[in-house]
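The structure appears right after this line, and notes come after that.
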Amino acid sequence: MIGVYVQGRGQLHRALPVVAALRDRGDEVTILVAGPLADSHRPHGVRVVHLPVSDDPPEPESLDVRARRAALAWIERARPRTLWVDGSPAMTLAAHLTGTPVVSTLPPGVRRDEPHVLRCRAAQVLIGAWPPGVFPDTVAGSGAPVREVGGISRFERHSRATGPRRRPRIVHLNSAGPRGDHRFWRAVRASTQKMGAAEWVEMGGPDAAWRDDPWPELSSADVVVTGAGQSSVADAACCDVPLVVVPRRHEYGEHDATARALDPLPEVTVMRYGDGPTAVARAVCDRVEGALRPGSRGIRARWGVDGAASRAAEVIRHAASN
């Protein structure tokens, strides 16, 4: 049996296609979830263990003590062949101390903080959810074997929406929760609409509902505006349309590192909050104009989303067999 620990919405979305790939290969999988899991996300034939969490959720990379104790109790009972930890350094280290082979997901950027260093030392192998060679400093500084598999997206096997539209469409992947610079994005949206370039579709944030499955709207985009989180970039890459990327603030600079990796790509325009809403709106309108030209493409091939989940599954299976 293979265990998969996920903490947070982004990690869950990245884990689901990998879990499906493991199941396709005949592996028994149990997902340990710190938090809720919608029925629509529950994979067929996969056991889900809900770990207790406090009412005051911890920081994204920390781990509630009750959740950690419950996870360790499950490991002692189930004795998984390996545990894939997507996110938490604390869970990686805790599982390693039980003698369980651990696969951990490596974040982009160069980090020297102690939890990250311990995560790398504790893992048997690290998964880099990006195409090979994009983050050479990250890989060199990890001090552990890294398998770069490409951007992992739950939409890898989905088909794009088709059908005529009167105007080109911009889809903005805003935050799923209350956090985010919403005043800034309201100004960007207003400026873009004044320029009359395209229809603006907002996903998430305070002004629009977040959908558990945003693919119908996302796949209808001519241009996608997104932050630089790993799941957001991989999901947007599946659309294979030009991107405007504005990295959000992150404690360890992961989003900035991803934005720097994307910046040289001709299909991507990287902007910053410091550029101001009007400049971002102009960049979006420029991308819309370019998207309407014949042969316009995105970064699907460059970001390696096709087959990424299967490659990650093979990394996990190999760790389980050693």
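The values are calculated or read from the model by the stated rules, or taken from the named source; none is laboratory data. Everything numeric in this text was worked out from a predicted model, so none of it was measured. Cβ coordinates were reconstructed from backbone atoms using ideal geometry, including for glycine residues, and neighbour counts include every protein chain displayed. We work out accessible area using only protein heavy atoms, side chains counted, and drop any ligands, DNA or RNA first. Shrake-Rupley method; radii C 1.70, N 1.55, O 1.52, S 1.80 Å.
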**Prompt:** Rounded to the nearest 0.05, what FRET efficiency do Leu265 and Asn322 have when you use their Cβ-Cβ distance and R0 = 35 Å?
**Reply:** 0.45
**Asked** Got a sec to turn the phi values of the stretch 290-306 into Karplus ³J(HN,Hα) couplings, 6.51 cos²θ - 1.76 cosθ + 1.60 with θ = phi - 60°, whole Hz, x for Gly and Pro?
**Response** x, 5, 7, 7, x, x, 5, 9, x, 10, 3, 5, 5, 8, x, 6, 6
**Message:** Suppose each label sits 7 Å from its Cα in the direction of the beta carbon; what would the His50-Arg77 distance come out to in nanometres?
**Reply:** 1.5
**Asked** For the stretch 163-280, with only Lys/Arg (+1) and Asp/Glu (-1) charged at the beta-carbon, what is the dipole magnitude about the Cα centre, in debye rounded to 20?
**Response** 500
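Quick one: accessible area per residue over the chain, 1.4 Å probe, rounded to a whole number of Å²? Please report the intermediate quantities before stating the final value.
On the way: 14250 Å² over 322 residues.
Using a 1.4 Å probe on heavy atoms only, each residue of the chain averages 44 Å².
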**Asked** By per-residue mean of other Cβ atoms within 10 Å, what is the highest-first order of 20-30, 241-251, 291-301?
**Response** 241-251, 20-30, 291-301
**Item:** Helix axis angle, 9-24 relative to the chain longest principal axis, alpha carbon, degrees
**Value:** 60
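To the nearest 0.05, how large is the calculated FRET efficiency for Ser40 and Ser296 if R₀ is 30 Å and r is the Cβ-Cβ distance?
On the way: r = 32 Å, r/R0 = 1.08.
After rounding to 0.05, the efficiency reads 0.40.
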**Prompt:** Which ³J(HN,Hα) values, rounded to whole Hz and listed in residue order, are derived for the stretch 98-107 from phi using the Karplus coefficients 6.51, -1.76 and 1.60 in 6.51 cos²θ - 1.76 cosθ + 1.60 with θ = phi - 60°, glycine and proline given as x?
**Reply:** 7, x, 7, x, 10, 10, 10, 8, 8, x
**Item:** Set of the stretch 1-36 residues, backbone N closer than 18 Å to the point 7 Å along the Cα-Cβ line of Glu314
**Value:** 17-27
**Message:** Would the stretch 81-188 count as rounded, prolate or oblate if I go by the C-alpha gyration tensor, calling it rounded below 1.5 in a/c and otherwise prolate when a/b exceeds b/c, oblate otherwise?
**Reply:** prolate
**Residue among Val46, Pro216, Gly143 farthest towards the positive dipole end of the chain, charges placed on Cβ** = Pro216
**Message:** As I understand it, the dipole of the stretch 65-111 uses +1 on the Cβ of Lys and Arg and -1 on the Cβ of Asp and Glu, about the Cα centre. Which of Val103, Thr92, Trp74 lies farthest toward its positive end?
**Reply:** Trp74
**Prompt:** Which value in deg cm²/dmol, rounded to the nearest 500, describes the helix-derived mean residue ellipticity at 222 nm for the chain, given -39,500 (n - 2.57) per DSSP H run of n ≥ 4 and division by the residue count?
**Reply:** -11500 deg cm²/dmol
**Message:** Using Cα springs under 10 Å in a Gaussian network model of the chain, which residue among Ala309, Ala198, Ala73 shows the largest mean-square fluctuation?
**Reply:** Ala73
**Complete:** Rounded to the nearest 5, the percent of antiparallel DSSP beta bridges in the chain equals 0
**Message:** I want to check the label-to-label distance for Arg272 and Thr98. Put each point 7 Å from Cα in the C-beta direction and report it in nm to one decimal.
**Reply:** 4.4
**Request:** Please sort 215-227, 128-140 by packing, taking for each peptide the average over its residues of neighbouring beta carbons within 10 angstrom, highest first.
**Result:** 215-227, 128-140
**Asked** Which of (i) 64, 56, 39; (ii) 60, 39, 39; (iii) 111, 49, 38 is the computed Cα extents along the principal axes in Å for the structure on display?
**Response** (ii)
**Prompt:** To the nearest 10 degrees, how steep is helix 65-78 against the longest Cα principal axis of the chain, on a 0 to 90 scale?
**Reply:** 60
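Just want to confirm a number: the relative contact order over the chain, from Cα pairs under 8 angstrom separated by 6+ residues, in percent.
Details: 630 pairs, mean separation 56.2, N = 322.
That works out to 17 percent.
To the nearest 20 debye, what charge dipole does the chain have about its Cα centre, counting +1 at the Cβ of each Lys and Arg and -1 at the Cβ of each Asp and Glu?
Values: 42 positive and 36 negative charges, 75 e Å.
Magnitude of the dipole: close to 360 debye.
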**Item:** Share of carbon and sulfur in the accessible heavy-atom surface of the stretch 193-290 [1.4 Å probe, %]
**Value:** 44
**Item:** Helix 308-321 axis, angle to the chain major axis (alpha carbon atoms, nearest 10°)
**Value:** 10
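Using R₀ = 25 Å, calculate the FRET efficiency as 1/(1 + (r/R₀)^6) where r is the Cβ-Cβ separation of Asp212 and Arg186; round to 0.05. Display every interim value, and only then the final one.
Numbers: r = 24 Å, r/R0 = 0.97.
The formula returns an efficiency of 0.55 here.
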